[in-house]
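Worksheet for the structure shown next.
The values are calculated or read from the model by the stated rules, or taken from the named source; none is laboratory data. All of these numbers come straight from a predicted model, not from anything done at the bench. Note that we place each Cβ from the backbone using ideal geometry, even for glycine, and neighbour counts take in every protein chain shown.
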Amino acid sequence: MSVVNNIEDGEIDIVIGALHSDLRPFMSAWKSIFSRYHLIIVKDPDLKDDLQIPEGLSFKIDIYTKSHIDKVVGSSTSIAFSGYSCKYFGFLVSRKKYIVSIDDDCVPVKDADSFLIDPVAQHLRNLATPATPFFFNTLYDPYRNGADFVRGYPFSLRSGITCALSCGLWLNLADLDAPTQALKPEKRNSRYVDAVMTVPARVMMPISGINIAFNRELVGPALCPALRLTGEGKVRWETMEDIWSGMCVKVVCDHLGLGVKSGLPYVWRNDRGDAIESLKKEWEGVKLMEEVVPWFQSMVLSRTATKAEDCVAEMAKRVKEQLGGSDPGFGRAAEAMMDWVELWKKVGSGPSPV
Amino acid sequence: MVEPATDTKSAVRTVALLKDELDIVIPTIRNLDFLEMWRPFFEPYHLIIVQDGDPTKTIKVPDGFDYELYNRNDINKILGPKASCISFKDSACRCFGYMVSKKKYIFTIDDDCFVAKDPTGKAINALEQHIKNLLCPSTPFFFNTLYDPFREGADFVRGYPFSLREGVPTAVSHGLWLNIPDYDAPTQLVKPLERNTRYVDAVMTIPKGTLFPMCGMNLAFHRELIGPAMYFGLMGDGQPIGRYDDMWAGWCIKVICDHLGLGVKTGLPYIYHSKASNPFVNLRKEYKGIFWQEEIIPFFQAVSLPKDCTTVQKCYIELAKMVKDKLGKIDPYFDKLADAMVTWIDAWDELNPTGAANKGKKA
């Protein structure tokens, strides 16, 4: 058992949502990085074929499929765990303090000497060091080697607060929306920005679910599979679930005095899908975002909401009351959030339900 | 080990953007030898040299540069009694250069800042990057995880609302430093050998509602949009504080930019900061500031400017009133500073009468 930044390997779950049945290339690519951790693989319930995992790997893996989901969640919930939302089931049943989740079409980035860059270690570093959301440090993360707080940074703010969420980035296929990618189909992200930074308090951002890590104990319930597009698909261009969930988490973190970091680590995202095809479905998500950003930005939660689940429950009510009228998608999201809180209370802790 | 670009003579001279619309303001007390290395990038532009310290000393400007130079006697002559707002024996005096400039944009740089190299070894044209930053919009209302979406190779990410993609005009471009980082005295004393060797290849907008420590070593701004708020305060000779000039200006411009819907960017370009100032001297200068900033920051965080403050000058006068009202009780220095802020605006308006300089929202 080894320790990185005071976090023991045994405190971490790597949660992978399997939207592809053949996970052999994925597992081979990540073998050297993931093998020291426990893995939870949740198979998209819509996936018909059996999962293919490489033989003979010294992984500790738990695989969950539709039958597990049905057993634990039952059919009375409005939450759909299909597509990218399947990984939330993994978040729910995990009993570890930290979760790292990476999409199954991503592989590690190689550095100039062809060594694999370990995003898990970087995520853990981000979560183990304080966040500094109350004042912007122009040299970015002051806790990194070779950096510090700059002149003019108030000393009382230098101890920072706990970081609850670490949002990584992507080389090659960046997480752009369909219209943007369709306009520049050859565009790939080749810029490696060597920085991590805290996203300031009360500042909203689009949190991508492709490469994230979080402190499950502190914010687990706040990552919720709530907003589903009617045309939701199996490529990121056809979803908004993570963006919605991310806005919820940011509001919760700001309210509870927890930090969110963005930047390193990078993963390499393989080319997949057709942006122009997805364009036909994406407009719904784009339309919804126009409404929700100002709404989230103005959200102030009550003082009595002192835990993540209380915050989510309160937000769900407000979504229903204030946004439910403008689009049925919001009404459904509110239901899903309320169901999620109930589910979390029932099976989010205690003995594993699977 | 990071090193400056020593041979810039062979640097490619690109088209000098905005060469008739931008002034380079340089405060100096020693000499301007550093300009030789910047020649390929600065020569097309007009320089405003603000000579601090002994006005009888002659500061030689390298041949070939087009410049105007002001020493203390010139400042006193031009401003008369209002010259009291311009600091003496502190690089804060540079803001006099902002006031006398007639250009739309300003770039200011310290005389110990050399040309840096990017990771490929190429000499960085810091001025060109600042201009690029200023000429494209900022995005303060929603954080873009791929940083400045207007940079080549970047874009807005999925989930970024389309209605926010036009951005707002950029008022300030804050650059960074390789080698000697801009640390305060206590940090310098604890880490005398730390050097910034990390080149972070990003420019980003500092979100609305977020304050930051603005360093004046490598800074550019849109003079018509925010110039009157770029007062660097009362520092140096006869003042209880130093090394907070740029910090003060940074907090003022940020609350005003947030109020007027203007953007502030930070990140590239890097310059190579060559000189580490004496940390013991710095400690003496900063000492009060370290305590005062604990109260100053909450003050700025709570500032709410009234709706009828629609120009930079109006915002700034209002801010001066609030400084007197709320910070005056910390130390009489803030009373003086508030008065100096008003004097500065009077002087600014006198030297820049009517029209374009006053509008808050012009792009």
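On the stretch given as region A:178-205, residues that are surrounded by 23 or more Cβ atoms within 10 Å (Cβ to Cβ), within 30 Å of B:LEU211 (Cα to Cα), more than 7 Å from chain B (Cβ to nearest Cβ) and of a type in the set (A, V, I, L, M) total 2.
Scanning region A:256-273 turns up no residue that is under 24 Å from A:ASP104 (Cβ atoms) and part of a helix (DSSP H, G or I).
A single entry from B:GLY227, B:GLY242, B:GLY238 fulfils the requirement of being away from every other protein chain (no Cβ under 14 Å), more than 23 Å from A:GLN297 (Cα to Cα) and at pLDDT below 95: B:GLY238. When residues in region A:53-112 are screened for being under 14 Å from A:TRP340 (Cα atoms), crowded, with 18+ Cβ neighbours inside 10 Å and in contact with a Leu (Cβ under 8 Å, 6 or more places away or on another chain), 7 of them pass. Restricting A:SER166, A:SER208 to those that are crowded, with 23+ Cβ neighbours inside 10 Å, away from every other protein chain (no Cβ under 11 Å) and polar (S, T, N, Q) reduces the list to A:SER166. Each residue in region B:173-232 was checked for being more than 21 Å from B:LEU260 (Cα to Cα) and not in a helix (DSSP H, G or I), and 27 pass. When residues in region B:169-206 are screened for being within 25 Å of B:GLU286 (Cα to Cα), of a type outside the set (A, V, I, L, M), within 11 Å of chain A (Cβ to nearest Cβ) and touching a residue at least 60 places away in the same chain (Cβ under 8 Å), 10 of them pass.
For region A:121-138, check the following and say yes or no: at least one residue is of a type outside the set (A, V, I, L, M, F, W, C) and free of Cβ contacts under 8 Å to residues at least 40 places away in the same chain. There is at least one residue in region A:121-138 that is of a type outside the set (A, V, I, L, M, F, W, C) and free of Cβ contacts under 8 Å to residues at least 40 places away in the same chain.
Quickly run through region B:144-153 and pick out the residues that are facing chain A (nearest Cβ under 7 Å) and either surrounded by fewer than 22 Cβ atoms within 10 Å (Cβ to Cβ) or touching a Pro at 6+ places or on another chain (Cβ under 6 Å) (or both).
Hit for region B:144-153 is B:GLY153, nothing else.
Here A:GLY259 meets each of (1) in contact with a helix residue (DSSP H, G or I) (Cβ under 6 Å, 6 or more places away or on another chain); (2) among the small types (Gly, Ala, Ser); (3) more than 10 Å from chain B (Cβ to nearest Cβ) with one exception, condition (1). Look at B:ILE109 and say whether it is under 18 Å from B:ASN352 (Cα atoms), touching a helix residue (DSSP H, G or I) at 6+ places or on another chain (Cβ under 8 Å), of a type in the set (Val, Ile, Thr) and at pLDDT 95 or above. It is false that B:ILE109 is under 18 Å from B:ASN352 (Cα atoms), touching a helix residue (DSSP H, G or I) at 6+ places or on another chain (Cβ under 8 Å), of a type in the set (Val, Ile, Thr) and at pLDDT 95 or above.
Residues that are under 26 Å from B:LEU127 (Cα atoms), surrounded by 24 or more Cβ atoms within 10 Å (Cβ to Cβ) and not polar (S, T, N, Q) do occur in region B:154-172.
Test B:GLY53 against the stated conditions and say whether it is under 22 Å from B:SER277 (Cα atoms), surrounded by fewer than 22 Cβ atoms within 10 Å (Cβ to Cβ) and of a type in the set (Gly, Ala, Ser).
Working: under 22 Å from B:SER277 (Cα atoms): yes; surrounded by fewer than 22 Cβ atoms within 10 Å (Cβ to Cβ): yes; of a type in the set (Gly, Ala, Ser): yes.
Here the answer is yes, as B:GLY53 does meet what is asked.
Within region A:327-350, residues that are without any contact (Cβ under 8 Å) to a residue 40 or more places away in the chain reach partners that are surrounded by fewer than 20 Cβ atoms within 10 Å (Cβ to Cβ) with beta carbons closer than 6 Å, at six or more positions or on different chains, in the pairs A:GLY331/A:GLY324.
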